[in-house]
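Student: The structure that follows is given in the form of structure tokens.
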Amino acid sequence: QSGWVDLEFTVGIDGSVKEIVIRCSEPRDVIVNAAIKAVEKWEFDTVVADGIAIEKRAAVRMMFAIE
């Protein structure tokens, strides 16, 4: 079985992930919790614009394959 989840989230000033929103998934709701738990652990470099650390919205499609 396989599927995907489209997520949108904010990269905080400290590089952490927050404000995760599920936009769509297939199959519906089966793999959403796994996707959220994975994204919550991600860390990014600080986003800098004009020399100032800022928060930035980002989006990703996560693909899953269950063997």
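The values are calculated or read from the model by the stated rules, or taken from the named source; none is laboratory data. All of these numbers come straight from a predicted model, not from anything done at the bench. Because the Cβ atoms are built from the backbone with ideal geometry, glycine has one as well, and the counts that use them run over all protein chains shown. Areas reflect the complete protein model, heavy atoms only, side chains present, ligands, DNA and RNA absent. Shrake-Rupley method; radii C 1.70, N 1.55, O 1.52, S 1.80 Å.
Student: Can you tell me which residues in region 1-47 are polar (S, T, N, Q) and closer than 13 Å to Met62 by Cα? Steps first, answer last, please.
Tutor: Applying the first criterion (polar (S, T, N, Q)) to region 1-47 yields 1-2, 10, 16, 25, 33, 46.
Answer for region 1-47, where residues must be polar (S, T, N, Q) and closer than 13 Å to Met62 by Cα: Ser2, Ser25, Asn33.
Student: Oh, and also: Inspect region 48-67 for any residue being more than 12 Å from Phe9 (Cα to Cα), modelled with pLDDT under 95 and in contact with a Lys or Arg (Cβ under 8 Å, 6 or more places away or on another chain) and give the result as yes or no.
Tutor: no
Student: When you check Gly15 against the structure, is it touching a strand residue (DSSP E or B) at 6+ places or on another chain (Cβ under 8 Å) and on the phi > 0 side of the Ramachandran plot, yes or no? Don't jump to the end; show me each part of the working.
Tutor: Numbers: touching a strand residue (DSSP E or B) at 6+ places or on another chain (Cβ under 8 Å): yes; on the phi > 0 side of the Ramachandran plot: yes.
Yes; evaluated as a whole, the condition is true for this residue.
Student: Against the definition (aliphatic (A, V, I, L, M), in a strand (DSSP E or B) and open to solvent by 30 Å² or more (accessible area, probe 1.4 Å)), how does Ile13 come out, yes or no? Walk me through how you get there before you give the answer.
Tutor: Details: aliphatic (A, V, I, L, M): yes; in a strand (DSSP E or B): no; open to solvent by 30 Å² or more (accessible area, probe 1.4 Å): yes.
Considered against the rule, which asks whether it is aliphatic (A, V, I, L, M), in a strand (DSSP E or B) and open to solvent by 30 Å² or more (accessible area, probe 1.4 Å), Ile13 comes out as no.
Student: Restricting attention to region 41-59, does a residue exist that is under 9 Å from the mean Cα position of the chain (by Cα) and in contact (Cβ under 8 Å) with a residue 40 or more places away in the chain? Walk me through it before giving the result.
Tutor: Quick first cut of region 41-59, residues under 9 Å from the mean Cα position of the chain (by Cα) only: 42, 58-59.
Then keep just the ones that are in contact (Cβ under 8 Å) with a residue 40 or more places away in the chain; that gives 58-59.
Looking through region 41-59, at least one residue is under 9 Å from the mean Cα position of the chain (by Cα) and in contact (Cβ under 8 Å) with a residue 40 or more places away in the chain.
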